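Everything below concerns the one structure shown next.
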Amino acid sequence: MQEIKLDIYATLVCMVLVLLLGRYVISKVKFLRDYDIPEPVVGGVLVAFFIMLARQFYNFGLQFDSSLKDPLMLTFFITIGLSADFKSLQKGGKMLAVFLLAVAGFVVCQNAVGVSIASLLGVNPLMGLLGGSIALVGG
């Protein structure tokens, strides 16, 4: 397989191009704008799909420099959180409230199952929480 290794500068250029691609696609697709899908997600999914096609059908791959992966992922998730506002939440209305209640119910069930299984296995019940909702909900 032919694989191109990109250094940190080429990787940064690719990241900017992926972001711009996501911005362009969102500007053209109303569905993505209406549901506030982030530009990096749209661009990243498209580029990942094309890279997968290149690898599968043309035996060609890209290897990106990953030294900036952790700080950039942290920045991405921080900016997603900062982009949330009450106006967007109010747009969700009753459906968002129903979704919130359903998620809260599932988290409680997940905690009950995790603590129960941990207790049955003779493990500290807090480990059941760590293996369940704390890890999966993002706490």
* To do: Report, ordered by the first and then the second residue, all pairs with beta carbons closer than 7 Å, sequence separation of six or more or different chains, a first member in the stretch 83-99 that is farther than 22 Å from residue 40 by Cα, and a second member that is part of a helix (DSSP H, G or I) and not hydroxyl-bearing (Ser, Thr, Tyr).
  => 96/89
* What tally of residues in the stretch 43-96 results from selecting those that are on the phi > 0 side of the Ramachandran plot and outside the structural domain of residue 20 (by TED's automatic domain parsing)? -> 1
* Report the residue count in the stretch 70-109 for those that are closer than 21 Å to residue 22 by Cα and not in a helix (DSSP H, G or I). => 2
* Asked: Any residue at all in the stretch 86-94 that is modelled with pLDDT under 85 and among the polar types (S, T, N, Q)?
  -> yes
* Structure fact -> Taking first residues from the stretch 29-42 that are in the same structural domain as residue 19 (by TED's automatic domain parsing) and second residues anywhere that are among the polar types (S, T, N, Q) and surrounded by 11 or more Cβ atoms within 10 Å (Cβ to Cβ), the pairs with Cβ under 8 Å that are 6 or more apart or on different chains are 33/27; 36/88
* To do: Take the residues in the stretch 53-75 that are touching a strand residue (DSSP E or B) at 6+ places or on another chain (Cβ under 9 Å) and surrounded by 11 or more Cβ atoms within 10 Å (Cβ to Cβ), then tell me which one is farthest from residue 37 (Cα to Cα).
  => 60
* Structure fact -> Checked 13, 115, 47 against criteria (out of contact with any strand residue (DSSP E or B) (no Cβ under 7 Å at 6 or more places or on another chain), over 30 Å from residue 129 (Cβ atoms), surrounded by 10 or more Cβ atoms within 10 Å (Cβ to Cβ) and without any contact (Cβ under 8 Å) to a residue 24 or more places away in the chain); the one match is 13
* **Test: residue 78 is out of contact with any strand residue (DSSP E or B) (no Cβ under 9 Å at 6 or more places or on another chain) and either of a type in the set (A, V, I, L, M) or without any contact (Cβ under 8 Å) to a residue 60 or more places away in the chain (or both)** => yes
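The values are calculated or read from the model by the stated rules, or taken from the named source; none is laboratory data. All values reported here derive from a predicted model rather than from experimental measurement. Neighbour counts run over all protein chains shown; Cβ positions are idealised from the backbone, glycine included.
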